[in-house]
Structure formats: structure tokens, C-alpha cells
Amino acid sequence: LAGFPCQTIARETSDSHTTALVERFRASAQLRSIWRGREGAAKQMLRALDRGEILGLLIDQDTKVQSVWVPFFGHLAKTPRAAADLALRTGAAVVLGFCHRERDGRYRLSICEVPTRGVGAHALTATLTAGIEAEVRAHPEQWVWMHRRWRSPPCGRWTGFPWALARRVR
């Protein structure tokens, strides 16, 4: 709303009406969606960055995309690497951004730049994930806990179950 062109990467829901509703809500805030899996999505992301637009990628979910294993709350978590790959490929600045719900119902956006010089995609993804963990620890009531963050076990089997830790953080 401050005049910065912004697009976000999203996955369509299983219900086309819900997807359309999400798209309308985002469009009302001048936020465009690039639907993951649709033809041309990768080109749309690169074009957005070439135009200097903000490109939002949510990496705190276990999804079926190219990922790396990084620590999250003391356990390895499968984490999308696209944000790091895009930044390192294009030279785009990387920021962590969080919406904080205020007592009056409004939201405050906080952002901080993340250095990318001399790091690879795995290390950058780990740094971003550590920043997300710090934010969740600071505001656990504002993270979406229903996502199965540790759905995919590392190496095909579990060595521990992290939900007990997640419950303590709350």
C-alpha cells in the first residue's frame, strides 16, 4: 500500500473458489500472486526481480519444492531453498519481513536485511530460518502452528519428535 510493487508466491488451494477469494483479498492490498506450479511462474518471479519489485516467498513450511535441511527449533526441517537460489542468482537484496498484529487490530511490518555475500543457498536458507525461529520465539501467538513443519523426516526416519518443543515455546 506504500507504493512498492509486490508479488508473492502461493500455492492454489484445492478449492478454486477459495483460491479466487485469496486472490481478491491480496489484490485489494495491491499484492499480486504468482501461483506455484502454473506455467511461466519461474519467469514471472525473475521478471519481478528484474523490475525491482518485492517478491515474497514463505519458507517456513514443508512443501513439495526443492529444499534443504536446516535447523529449526533444534530439529532439522525441510525448508524451501527458492528464496536463497533467486537472491544468489539475481543479486536481489534479501530481507526477512514479519507482520505483527497490534492490540488495536492493525498490523505493523518489520523487516531486516540479511547479508548474502559469500554464502551459498544452504547457509542462506539456514540464516533465514534462524531469523524466523527468533521471531516465532518472540511472538509465538502470531505464528501459524497448524502447518506440519516437520512433516518430512530427515533421511526418511525420525530421530525425535519436535512438537513437544513447539508446545513449550507457546
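Report the residue, chosen from 133, 102, 39, that carries the largest GNM mean-square fluctuation when the chain is represented by alpha-carbon nodes joined by springs under 10 Å.
Largest GNM mean-square fluctuation: 102.
Give me Rg/Rg_expected for the stretch 34-155, where Rg uses Cα atoms only and Rg_expected = 2.2 N^0.38 Å with N residues.
Taking N as the residue count of the stretch 34-155, the ratio is 1.09.
For residue 14, what accessible surface area do you get with a 1.4 Å probe? Give it in Å², rounded to 10.
It works out to around 130 Å².
7 Å from Cα along Cα→Cβ at both residue 142 and residue 106: what's the point-to-point distance in nm?
1.4
Using a Gaussian network model on the chain with a 10 Å cutoff between Cα atoms, which of 60, 85, 104 fluctuates the most?
104
Protein chains only, probe 1.4 Å: how do 22, 136 rank by accessible area, largest first?
In descending accessible area the options line up as 22, 136.
Quickly work out the residue 46-to-residue 64 label distance, labels modelled 7 Å from Cα along the C-beta direction, and quote it in nm with one decimal.
2.5
Output wanted: per-residue J couplings in Hz (rounded whole) for the stretch 123-140, from phi through Karplus 6.51 cos²θ - 1.76 cosθ + 1.60, θ = phi - 60°, x for Gly and Pro.
5, 5, 4, 5, 5, 4, 5, 4, x, 5, 4, 4, 5, 5, 5, 6, 9, x
Carbon and sulfur atoms: what percent of the 1.4 Å accessible area of the chain do they account for? Write down the numbers at each step before the final one.
On the way: 6020 of 11210 Å².
Taking all protein chains in place, the chain shows 54 percent carbon and sulfur surface.
Provide the per-residue ³J(HN,Hα) series for the stretch 88-96, in order, calculated from phi with Karplus coefficients 6.51, -1.76, 1.60 and θ = phi - 60°, each as a whole number of Hz, with x at glycine and proline positions.
Result, rounded to whole Hz: 5, 6, 9, x, 5, 5, 10, 10, 8.
Test of understanding: in a Gaussian network model of the chain with alpha carbons linked when under 10 Å, which of 120, 97, 56 would top the mean-square fluctuation ranking?
120
Take residue 8, project a point 7 Å from its Cα along the Cβ direction, then tell me which residues of the stretch 40-79 have their backbone nitrogen under 13 Å from it.
Answer for this model: 55-60.
The values are calculated or read from the model by the stated rules, or taken from the named source; none is laboratory data. All figures in this text were calculated on a predicted structure; none of them were measured in a lab. Glycine gets a Cβ as well: all are built from the backbone with ideal geometry, and neighbour counts include every protein chain shown. Quick note on the areas: whole protein, heavy atoms, side chains included, nothing else; ligands and nucleic acids left out. Shrake-Rupley method; radii C 1.70, N 1.55, O 1.52, S 1.80 Å.
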